[in-house]
Amino acid sequence: MHLSIFIRILIFLVGTAILFLPQWVAAETWYVKKSHTKLQAEASARSKVLSKLEQGTPVNVKKKSGKFFQVSTGGKSGWVFRFKLSKKAPAGGQDEGDVLGALGGSQKMAARESASGSSIRGLSPISEQHARKKGATSESIQAVKDMENYIVMPEQLDRFLENGKLGEYSQ
């Protein structure tokens, strides 16, 4: 009789362990790509924001649901848009004003792209001299400098993504 109870308890414990084994095995450590990444209550971009995570924060991925991962970090649990996470820890030094980085993570530039890339970053003193020699007006040069100083706040970017149904707000 005692052996029968022992066997039932053992079967129950083994069965319970087998049920939870996929969750233990599936847990992976990923990293937050961009500061101010939202940890949300549900797998929806419109759900309540529980907290904002900083770049490089390690998270344990527990479950995947569509475009969101259920994660835990620092005693908190919630959902993060999958493209805000990376399997590799970010190298750091990412510019907080990087709009393209906010959409998809770190943006790298190859050497062959540097000629066109330098125009994206604005005018260097040499480029400004060249522009003046080619007839660029002071107003045009100032407009480029103004664009360099323009900062898109995270809230503005979030509204843009939501209104355009982009990123985590896409259906």
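Place the peptides 133-144, 37-48, 158-169 in order of packing, highest mean first, counting for every residue the other Cβ atoms within 10 Å and averaging per peptide.
Going from most to least packed, we get 37-48, 158-169, 133-144.
Under 27 Å from the Cα of residue 64, which lysines turn up, not counting those fewer than eight places away in the same chain?
Correct list for residue 64: 33, 34, 38, 48, 52, 76, 84, 87, 88, 165.
We did not get these values from a lab; they are worked out from the coordinates using the rules stated. The structure presented is a predicted model; accordingly, all values stated were derived computationally and were not measured. Note: ideal-geometry Cβ built from the backbone for every residue, glycine included; neighbour counts use all protein chains shown.
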